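Please read the structure below before turning to the comments.
The values are calculated or read from the model by the stated rules, or taken from the named source; none is laboratory data. What you are looking at is a predicted structure, and each value in this text was computed from that prediction instead of being measured. Glycine also receives a Cβ, built like all others from the backbone with ideal geometry; neighbour counts cover every protein chain displayed. For accessibility, only protein heavy atoms count, side chains too; no ligands or nucleic acids. Shrake-Rupley method; radii C 1.70, N 1.55, O 1.52, S 1.80 Å.
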Amino acid sequence: MEANKVSGAVKAVVLAFVVGGCFSVVGQLLLMASAALLGSDSALVGPLTLVLVGLLGLLLFLPGWYQKLMNVGGFGTIMPFCGLACACAGEYLQATAEGGSVGKGAWAAFKLLIYVAGVGIVFALCFALIYVFAVTPAV
Amino acid sequence: MEFVLAFIVGGCLCGLFQIVMTITKLHPPEMLIIGLAIGAALLPTGILAWLEATGGAGMSIMVLDAGGAIMGSLMSLLHGDPSSFAMLLGIFALLALIGICAGALYQKIHPAGKAE
């Protein structure tokens, strides 16, 4: 029983590695396309790549492929930026599943974003304050 | 070679977080928050820059790098420049909109389908 659990966990990690790696390869293609379009020195290359990765998530979500990939690849599908977009899509669907309005679905999606990004920003703000006002002046 | 390195770096990051999620049994939103926080903490160390130089999109499309981007934009904000923080918020909002569109279109395409 214990051996089954361990082998299941190892399989999950390997699949996360493979799926995450595949998303990274596609992301690299999108990054190179963005750089070719905007010029490699443009400050918008990164943002455009992230938006394109989000759109990739949409394209995978619509036929149900992202959901199947998530069952197989676990965090390999969640960690790339498209994971956040698809998580918002999932929240929208859950909120509207029982006849909820589009507005209710949209609010559920934004609530998830506010929770994840908001708490992340709070942590980052603490680190930024420490770095800017404590570490940097001391150097 | 960039694609191989992107695959390896991106795959390793995802595998590492999968291990943490398996051990801690945290839910994905909490794991994403941890990723953002770790990325923010690592930015001043130069590790994120090294990972991005090595792995390209294997790093830059991951939530860890988003944490570093948040940290960088907040440091700019604290120095009086809000533009990069505003752009970052715009990207997050756009991602949510893409997700909402995905959900709405999915319902149109699969009328009897429920959230998976």
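Under the condition of being within 9 Å of chain B (Cβ to nearest Cβ) and either closer than 30 Å to B:K108 by Cα or open to solvent by 40 Å² or more (accessible area, probe 1.4 Å) (or both), the residues counted in region A:9-23 number 8. Residues satisfying the criterion are present in region B:74-89 (criterion: at the interface with chain A (Cβ under 7 Å from one of its Cβ atoms), within 23 Å of A:A108 (Cα to Cα) and either at pLDDT 90 or above or open to solvent by less than 10 Å² (accessible area, probe 1.4 Å) (or both)).
Of note, B:I38 does not satisfy the criterion of being at pLDDT 90 or above, in contact with a strand residue (DSSP E or B) (Cβ under 7 Å, 6 or more places away or on another chain) and either more than 8 Å from chain A (Cβ to nearest Cβ) or closer than 16 Å to B:G10 by Cβ (or both). Can you tell me how many residues within region B:1-30 are closer than 24 Å to A:G90 by Cβ and within 7 Å of another protein chain (Cβ to nearest Cβ)? The total comes to 12.
Mind checking which pairs have a first residue in region A:92-106 that is without any contact (Cβ under 8 Å) to a residue 12 or more places away in the chain and a second that is open to solvent by 50 Å² or more (accessible area, probe 1.4 Å), Cβ under 6 Å, 6 or more apart or different chains? Sorted first by the residue in region A:92-106, then by its partner, the pairs are A:A97/B:K114. Test each condition in (1) at the interface with another protein chain (Cβ under 9 Å from one of its Cβ atoms); (2) open to solvent by 20 Å² or more (accessible area, probe 1.4 Å) for B:L64 and report the one that comes out false. Going through (1) at the interface with another protein chain (Cβ under 9 Å from one of its Cβ atoms); (2) open to solvent by 20 Å² or more (accessible area, probe 1.4 Å) one by one, B:L64 breaks only (2).
Regarding B:M59, is this residue open to solvent by 40 Å² or more (accessible area, probe 1.4 Å) and either at pLDDT 90 or above or more than 7 Å from every other protein chain (Cβ to nearest Cβ) (or both)? Before the answer, list the steps.
Details: open to solvent by 40 Å² or more (accessible area, probe 1.4 Å): no; either at pLDDT 90 or above or more than 7 Å from every other protein chain (Cβ to nearest Cβ) (or both): yes.
Judged against the criteria, B:M59 is not a match.
Exactly one residue among A:G120, A:G83, A:G105 is small (G, A, S) and over 23 Å from B:L36 (Cα atoms), and that residue is A:G105. Looking across region B:1-49, the residues that are over 22 Å from A:F123 (Cα atoms) and not aliphatic (A, V, I, L, M) come down to B:E2, B:F3, B:F7, B:G10, B:G11, B:C12, B:G15, B:T22.
Every condition in (1) open to solvent by 50 Å² or more (accessible area, probe 1.4 Å); (2) of a type outside the set (K, R); (3) more than 7 Å from chain B (Cβ to nearest Cβ) is met by A:F127 except one, and the failing one is (3). For region B:43-56, filtering for residues that are of a type in the set (G, A, S) and buried (at least 19 other Cβ atoms within 10 Å of the Cβ) leaves 2. Annotation note: of A:A109, A:A87, the sole residue that is open to solvent by 20 Å² or more (accessible area, probe 1.4 Å), under 15 Å from B:C101 (Cβ atoms), at pLDDT 90 or above and out of contact with any Lys or Arg (no Cβ under 9 Å at 6 or more places or on another chain) is A:A87.
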